[in-house]
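Asks: Sharing a structure with you now.
The values are calculated or read from the model by the stated rules, or taken from the named source; none is laboratory data. Note that the coordinates shown come from a computational prediction; the quantities given were computed from them, not determined experimentally. Reconstructed Cβ throughout: ideal geometry from the backbone, glycine too, with neighbour counts over all protein chains shown. Quick note on the areas: whole protein, heavy atoms, side chains included, nothing else; ligands and nucleic acids left out. Shrake-Rupley method; radii C 1.70, N 1.55, O 1.52, S 1.80 Å.
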Amino acid sequence: MRWLSELELSIALTSWFPAPWTPAALAQSLARVHQDAPVLQDRAWAWLSDPDFAAEPNPAGGWIVTRSERGDRETAHLTSDHRLTVMWQDHFRGKFAFPLAHSVDPEDVAALAAASLAAQEFDERDADYSYRTSWRATRDEALATARRYGHPGR
C-alpha cells in the first residue's frame, strides 16, 4: 500500500478532497505524520490532548464524541462514520497549514507540479459551465448555514 506523503495528506485535508475516508483509514494516514492522531482503544477512538477527544460507538448508531479540557466536558452526537471523519479532517487540517508555508520538500513539490497544473487548467476551462454556478450557490448556502449555526464537532 502506498501512503500519502505529509504534503499530499495536507493538501487532501486542507482542500477537503473528497477521498473515501473511513475512520480507520484516516486514522492510519494521520498516525504516519501526526503525534496526536486518533488511536483505537477497545472500540473507542481517542485523539489530541488539551483538549482531549474521545468517540465511543453510540448504541443508536454513529458516535458520541466527548471533548475534555481542564475539567470541562462537552458532548456531541455524530450520526455516522462519515461525520466522524469529517470532524477529524476539520481538526487535523489546520495542524499542517503552518509548516506548509515554511517547510516544503522540493521532491514533493516536483512530484505534484504536473498534476497541479493539469487540475488548474481543467478548472479554468470548466469554471464557466452552468453546473458549477449552481454548485457554487449550493456550497455557499451550506457554508453560510454552517457559519450561522456551527457544525458537528464544535
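Asks: Can you list residue pairs whose Cβ atoms sit under 8 Å apart, with the first residue in segment 77-99 being aliphatic (A, V, I, L, M) and at pLDDT below 85 and the second being in a helix (DSSP H, G or I) and open to solvent by less than 30 Å² (accessible area, probe 1.4 Å)? Count only pairs 6 or more apart in sequence or on different chains.
Replies: Close Cβ pairs (under 8 Å, with a partner that is in a helix (DSSP H, G or I) and open to solvent by less than 30 Å² (accessible area, probe 1.4 Å)) amount to Ala97/Ser10.
Asks: Tell me, yes or no, whether segment 108-130 has at least one residue that is farther than 30 Å from Trp3 by Cα, open to solvent by 70 Å² or more (accessible area, probe 1.4 Å), at pLDDT 85 or above and acidic (Asp, Glu).
Replies: no
Asks: Scan (1) part of a loop (DSSP other than H, G, I, E, B); (2) within 24 Å of Gln28 (Cβ to Cβ); (3) modelled with pLDDT of 90 or more for the single condition Ala46 breaks and write down its number.
Replies: Failing condition for Ala46: (1).
Asks: Also, quick follow-up: Which one is farthest from Gly62 (Cα to Cα) among residues in segment 10-22 that are crowded, with 18+ Cβ neighbours inside 10 Å and touching a helix residue (DSSP H, G or I) at 6+ places or on another chain (Cβ under 6 Å)?
Replies: Restricting attention to segment 10-22, the residues satisfying the condition of being crowded, with 18+ Cβ neighbours inside 10 Å are 10-13, 21.
Checking which are touching a helix residue (DSSP H, G or I) at 6+ places or on another chain (Cβ under 6 Å) leaves us with 10, 13, 21.
Working: Ser10: 26, Leu13: 22, Trp21: 15 Å.
In this case the residue turns out to be Ser10.
Conditions (1) within 30 Å of Gly71 (Cα to Cα); (2) free of Cβ contacts under 8 Å to residues at least 12 places away in the same chain, marked per residue:
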site	(1), (2)
Leu7	no, no
Pro18	no, yes
Ser29	no, no
Gln35	yes, yes
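Asks: Moving to a separate point now. Looking only at segment 50-71, decide whether some residue is open to solvent by less than 40 Å² (accessible area, probe 1.4 Å), among the aromatic types (Phe, Trp, Tyr), under 19 Å from Ser29 (Cβ atoms) and at pLDDT below 90.
Replies: There is no residue in segment 50-71 that is open to solvent by less than 40 Å² (accessible area, probe 1.4 Å), among the aromatic types (Phe, Trp, Tyr), under 19 Å from Ser29 (Cβ atoms) and at pLDDT below 90.
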